[in-house]
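Computed from the coordinates by the stated procedures, all read-outs in this text should not be read as laboratory data. Keep in mind that this is a model prediction, so the values were computed, not measured. Glycine gets a Cβ as well: all are built from the backbone with ideal geometry, and neighbour counts include every protein chain shown.
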Amino acid sequence: MSIWVTVLLFLVGLALIVKGGDWFLDGAVWIAEATGVPRFIIGATIVSLATTLPELTVSVTGVLQGEVDLAVGNAVGSVTANLGLILGLSVVCLPSVVNRKQFDVKAILMVSGALLLFLLCRGGVLPVLPSLLLFAVFTVYLVNNVMDARSGMAESRGANPRRRTTSHRQMFMKLGLFAVGIAAIVVGSRLLIDYGSELALLLGVPSSIIGVTMVAIGTSLPELVTTLTAIARKEASMSVGNIIGANVIDLTMILPVCSAVSGGHLVIGSQTTALDLPVCLGICCLAVLPPLVKGRFYRWQGVLMLAAYAAYVVVLVS
């Protein structure tokens, strides 16, 4: 295939992601307003589940095709990119106070997932049975989200008994916009991953590095687009909820699924155990400790997260 066709398809993927992110966030904000569920919870559930689809698809496909390094690097690298690059950018642009009731448990679950994954993978293999511990964290996360959603809806009804009403036509339009946005993001991400990876391979970049950099950033583009759109609309809660939720799903669901698909023993490369997982755990702690202690994100914290991610990429490519 001509390099110009590859570049064109890469740009088409970028355009689909940008426009899809706009439609997607429109639908997500409407769902939050129509149901009374807090924006943080919508971001941590519906939005994060949808934006994690590219990571899940790429990792499972990678395992099935024998590209285990790419699959594992994508899952771990996406968490690092979500926090160091995307949340770091969000915090620099829009430092915000967090709702401790909604944030604390999810942040602790994210760090617990990263620590547990690091410990389980130290032997160079992720067995399927021990990885069920990660599924347990994922289950706790889902249960906590359901409880928070019910609480938020009850508070919304109490504070505003005359909740906004919507016509069936408007409901179908907004939900349709939400679905089309998801589809555009997933298709666009696929184009960016395929043709971005092809360009990288032409330059002789190893698949393990492609997994934790280009593919990880590519599959994190839905979160990036959602975050940039949220920053533009000053929807900080939606952005933070989306990123934290996507990371919990990446850490506790994707690699256990990959382990099961691989036959019960997912091989973890030395780069992942020695560098990728420790960096992922460290950036997780850097991202959540200030808001857990002080109840807010700080601009200096975002700068440190961006600097840590940049240093990590430099180490990878050097």
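Observations, loosely collected:
- With R₀ fixed at 45 Å, the C-beta to C-beta distance from His265 to Ala232 puts the FRET efficiency at about 0.50.
- The packing ranking, built from the mean of other Cβ atoms within 10 Å per residue, places the peptides 177-187, 95-105 in the order 177-187, 95-105, highest first.
- Summarising the label geometry, the points placed 7 Å from Cα in the beta-carbon direction at Thr273 and Leu119 lie 1.7 nm from one another.
- The phi-based Karplus calculation (6.51 cos²θ - 1.76 cosθ + 1.60; θ = phi - 60°) puts the 3J(HN,Hα) values of segment 306-318 at 5, 5, 5, 5, 4, 4, 4, 5, 4, 4, 4, 8, 7 Hz, whole numbers, x for Gly and Pro.
- Applying the Karplus relation 6.51 cos²θ - 1.76 cosθ + 1.60 with θ = phi - 60° to segment 282-293 yields 3J(HN,Hα) values of x, 5, 4, 5, 4, 6, 9, 4, x, x, 5, 7 Hz, where x marks Gly and Pro.
- Long-range amide H partners of Leu94 with built H, under 5 Å: none
- Local electrostatic count, Gly295, Cβ distance below 12 Å [Lys/Arg +1, Asp/Glu -1]: +3
- Evaluating 6.51 cos²θ - 1.76 cosθ + 1.60 at θ = phi - 60° for every residue in segment 125-133, the Karplus couplings come out as 9, 10, x, 5, 5, x, 5, 5, 4 Hz, glycine and proline recorded as x.
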